[in-house]
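The values are calculated or read from the model by the stated rules, or taken from the named source; none is laboratory data. Just so we're clear, the structure is a prediction, and the values are computed from it rather than from any experiment. Don't worry about glycine lacking a Cβ; one is built from the backbone with ideal geometry, like all the others, and counts go over all protein chains shown. Only protein heavy atoms, including side chains, enter the accessible area calculation; ligands, DNA and RNA are left aside. Shrake-Rupley method; radii C 1.70, N 1.55, O 1.52, S 1.80 Å.
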Amino acid sequence: ATPTSIMVGTGKGAESGILFKGGEHLERTHQLDVIVMDKTGTITRGKPEVTDFTGDEETLHLLASAEKGSEHPLAEAIVAHATERDLKLADADAFQAIPGHGIEAVVSGKRVLVGNRKLLAEHGIEAASAESELARYESEGKTAMLIAVDGVFQGIVAVADTIKETAPEAVRQLKEQGLQVVMLTGDNERTASAIASQVGIDQVIAQVLPGEKADKVKEIQLEGKKVAMVGDGVNDAPALAVADIGIAIGTGTEVAIEAADVTILGGELLLIPKAIRLSHSTIKNIR
Ligand code: ADP
Ligand code: MG
């Protein structure tokens with residue numbers, strides 16, 4: 001494409017809310033084979049809400065007080081849920097986030113753990129009785145977290161996040177364009193698959209630790225494919241940088257936007273197939 005047609009192309013993109021950092025990214029977008037999409041905040045709205053809680057009142061208090069120290073969307077949902085119930089939260093000590101697993105804190109002298117199976121297993125806490133309920137929540141597309149107090153399992157909190165309305169149509173268009181669409185998430189396999197099937201994605205890479213997302217993108221590139229990564233979170237930034245085209249969600253974190261080559265305003269996923277069409281028409285306009 002000529003410099004002029006590229007300038008026209010990036011201008012057109014900007015008008016529709018597709019912000020390319022440079023013309024070379026617009027040029028490369030038409031060569032893509034695979035679109036890898038983060039789940040939370042990219043495919044889903046990223047505004048989760050508590051739907052189920054199986055513990056007692058004291059556990060809810062400890063849970064929400066512990067999560068107050070976390071900036072994770074899951075934590076915000078839990079804190080909001082407790083606040084709506086007029087619970088006065090305590091200050092937590094020794095708060096620690098364990099990426100991809102959960103959190104740990106001391107509340108009112110009690111050691112509180114909240115997170116996935118792996119987190120409890122690593123602390124040697126027995127929670128086999130929770131398994132069937134966990135599986136049920138997960139098959140509903142919810143993220144279910146286990147709560148332990150002083151080494152004893154005390155309940156499950158389940159959180160649901162709804163998919164963006166236009167996500168299924170965006171996925172449909174991408175597939176029609178001949179692209180392979182993959183979901184990449186730190187969440188567990190069952191929850192991820194439930195969300196994926198709601199949007200029409202049939203390939204899921206789940207339970208990926210924040211530090212491993214970039215490696216997953218590299219693995220696909222090693223198959224000889226050109227990969228776009230779409231994400232919003234701090235934990236997506238390395239994968240956005242490694243991808244052939246990094247696409248940040250405009251409503252996401254600053255870190256993700258900085259690491260990406262393109263930002264789609266408002267997080268509108270339909271702008272991704274649109275960017276690909278724009279790249280194709282720009283390349284064709286060499287005349
Ligand atoms: P995603 O890729 O969906 O953003 P993360 O890698 O942030 O997922 O988290 C993976 C998993 O770790 C979550 O599904 C949850 O089980 C657990 N987790 C993360 N943060 C928290 C938290 N603040 N409280 C409880 N569990 C958490
Ligand atoms: Mg995300």
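Quick grid of which residues meet (1) of a type in the set (D, E, K, R); (2) away from ligand 2 (no atom under 16 Å from the Cβ); (3) under 21 Å from Gly100 (Cα atoms):
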| position | (1), (2), (3) |
| --- | --- |
| Ile147 | no, yes, yes |
| Ala192 | no, no, yes |
| Ala196 | no, no, yes |
| Ile201 | no, no, no |
| Ala241 | no, no, yes |
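Anything in segment 235-257 that is farther than 26 Å from Glu223 by Cα, in a helix (DSSP H, G or I) and among the β-branched types (Val, Ile, Thr)? List them, or say none.
Of everything in segment 235-257, those that are farther than 26 Å from Glu223 by Cα, in a helix (DSSP H, G or I) and among the β-branched types (Val, Ile, Thr) turn out to be Val255, Ile257.
Quick check, is Val242 open to solvent by 10 Å² or more (accessible area, probe 1.4 Å), of a type in the set (A, V, I, L, M), within 13 Å of ligand 1 (Cβ to nearest atom) and in contact with a helix residue (DSSP H, G or I) (Cβ under 6 Å, 6 or more places away or on another chain)? First the steps, then the outcome.
Working: open to solvent by 10 Å² or more (accessible area, probe 1.4 Å): yes; of a type in the set (A, V, I, L, M): yes; within 13 Å of ligand 1 (Cβ to nearest atom): no; in contact with a helix residue (DSSP H, G or I) (Cβ under 6 Å, 6 or more places away or on another chain): yes.
Criteria not met by Val242.
Among Lys218, Lys225, which is the only one that is away from ligand 1 (no atom under 13 Å from the Cβ), surrounded by fewer than 17 Cβ atoms within 10 Å (Cβ to Cβ), at negative phi and not in a helix (DSSP H, G or I)? Let's see the steps before the verdict.
Numbers: Lys218 fails: not in a helix (DSSP H, G or I).
Lys225 is the lone residue from the list that is away from ligand 1 (no atom under 13 Å from the Cβ), surrounded by fewer than 17 Cβ atoms within 10 Å (Cβ to Cβ), at negative phi and not in a helix (DSSP H, G or I).
With the structure loaded, tell me whether Val106 is within 13 Å of ligand 1 (Cβ to nearest atom), of a type in the set (Val, Ile, Thr) and open to solvent by less than 40 Å² (accessible area, probe 1.4 Å) or whether it fails that test. Spell out how you get there, then give the answer.
Numbers: within 13 Å of ligand 1 (Cβ to nearest atom): no; of a type in the set (Val, Ile, Thr): yes; open to solvent by less than 40 Å² (accessible area, probe 1.4 Å): yes.
No.
Of the residues that make up segment 17-39, is at least one among the small types (Gly, Ala, Ser), touching a strand residue (DSSP E or B) at 6+ places or on another chain (Cβ under 6 Å), touching a residue at least 24 places away in the same chain (Cβ under 8 Å) and surrounded by fewer than 19 Cβ atoms within 10 Å (Cβ to Cβ)? Reasoning before the result, please.
Here is the first cut: in segment 17-39, the ones among the small types (Gly, Ala, Ser) are 17, 22-23.
Still in the running and touching a strand residue (DSSP E or B) at 6+ places or on another chain (Cβ under 6 Å): none.
Within segment 17-39, none of the residues are among the small types (Gly, Ala, Ser), touching a strand residue (DSSP E or B) at 6+ places or on another chain (Cβ under 6 Å), touching a residue at least 24 places away in the same chain (Cβ under 8 Å) and surrounded by fewer than 19 Cβ atoms within 10 Å (Cβ to Cβ).
Need the failing condition index for Arg111 against (1) part of a helix (DSSP H, G or I); (2) buried (at least 16 other Cβ atoms within 10 Å of the Cβ); (3) basic (Lys, Arg), just the number.
(1)
Can you tell me which residue within segment 48-100, out of those that are within 24 Å of Glu138 (Cα to Cα) and touching a Gly at 6+ places or on another chain (Cβ under 6 Å), is nearest to ligand 2 (Cβ to nearest atom)?
My answer is Pro73.
Of the residues that make up segment 175-185, is at least one closer than 19 Å to His30 by Cβ, part of a helix (DSSP H, G or I), away from ligand 1 (no atom under 13 Å from the Cβ) and basic (Lys, Arg)?
yes
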